[in-house]
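What follows is calculated from the coordinates using simple rules that are stated; it is not laboratory data. Bear in mind that the values here come from a model prediction, so they are computed numbers and not experimental data. No Cβ is skipped: glycine too gets one built from the backbone with ideal geometry, and neighbour counts run over all protein chains shown.
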Amino acid sequence: MKYALSIIFLIALGCVYVTYDTYTVERVIDGDTLVVSRYGKEVSVRLIGIDAPEDGGCYAGEGTAVLTDYVGDAITLKMDDTQNAYDQYGRILAYVYVDDLLVNEALIREGYAKEYTYIVPYTHQEAFQTAENEAQTFARGAWGACESWRTGQCGEGMLCAL
């Protein structure tokens, strides 16, 4: 019994280590996906709670550039117990922090991404929705530049709600 509890404790410690760890940023794919180096291996990370335009979509280049500026060389990833650890494409689902800045929320607040809930609400959903309302109200980023964002239509290169 003592041995079993020790193993459970070690597994739990391993989960915490993965949940809060600093990673080297290898490259930014687009406004909501990047690649990090993890234990010497490259791994894709999809930012929880946001959707940014894909390549070629309205404001896609700006979103990618801003995410690149935010993350620099190193980030901290935090998982969310309400979400799966990986998405259907094998990407880690995480919140991205640079120091105390929650990058996911900052991208929404600045108008480079929209709030996006995939099936199950996530921990920061309410804050992200508030950030989106603020960006929309003040026509920040794509809210001021992209007709499809203002009309509520699913724009080119945007992931539409299921």
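For segment 66-81, 3J(HN,Hα) computed residue by residue from phi via the Karplus equation (6.51, -1.76, 1.60; θ = phi - 60°) reads 5, 4, 4, 5, 4, 7, x, 9, 9, 9, 10, 9, 10, 7, 10, 4 Hz, glycine and proline entered as x. Note on Thr117 and Asp69: their simple-model spin labels are 3.1 nm apart, each label 7 Å out from Cα toward Cβ. Subtracting the Cα-Cα distance of Lys78 and Thr22 from their residue separation scaled by 0.36 nm leaves 19.2 nm. Would you grab the residues whose amide H sits under 5 Å from the one on Tyr86? Only those 5+ places off in sequence or on another chain, please, with H modelled 1.01 Å from N. Placed amide hydrogens put Leu93 under 5 Å from Tyr86. Taking amide H as placed 1.01 Å from N in the peptide plane, Arg38 has its amide H under 5 Å from the amide H of Val43, each at least 5 places away in sequence or on another chain. For segment 17-151, DSSP calls about 90 percent of its internal beta bridges antiparallel.
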